[in-house]
């Protein structure tokens, strides 16, 4: 069990739902049912754990912030890295999605005005 009180999921435990036969046949896995049964704060912690473990860009942003003394990094750094592998449009869309998830999970903050990620308490 991790310090957060949640076990690190492996294999099918990290999958929260099963889609078979198209979107008309969706069912929750056992891990998905546990997620639904959690209170909102525990649900957010579990989401954060999954985000950092299974979304490489989110984990990368968090590691960079953890490694820096000021715990800050410009979004342009990550956007440039993404553009090495995808178009500018997709890089921007990807970074916006991961930023939104990271904010929800309170894994990192992002200041729209300065374009800087940080570990400051998101507001």
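The values are calculated or read from the model by the stated rules, or taken from the named source; none is laboratory data. None of the values given here were measured: they were computed from a predicted structure. All Cβ positions, even for glycine, are placed from backbone atoms using ideal geometry, and neighbour counts span all protein chains on display.
Listing for the model above:
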item	result
Flag if residue 100 is assigned to a helix (DSSP H, G or I) and either out of contact with any strand residue (DSSP E or B) (no Cβ under 6 Å at 6 or more places or on another chain) or not assigned by TED's automatic domain parsing to the domain that holds residue 63 (or both)	yes
Residue count, the stretch 32-86 (criterion: farther than 19 Å from residue 97 by Cβ, assigned by TED's automatic domain parsing to the domain that holds residue 112 and not in a helix (DSSP H, G or I))	5
Single residue of the stretch 50-71 satisfying the filter (closer than 16 Å to residue 116 by Cβ and in contact with a helix residue (DSSP H, G or I) (Cβ under 7 Å, 6 or more places away or on another chain)) that is surrounded by the most Cβ atoms within 10 Å (Cβ to Cβ)	61
Residues that are under 22 Å from residue 121 (Cβ atoms) and touching a strand residue (DSSP E or B) at 6+ places or on another chain (Cβ under 9 Å), drawn from the stretch 29-61	61
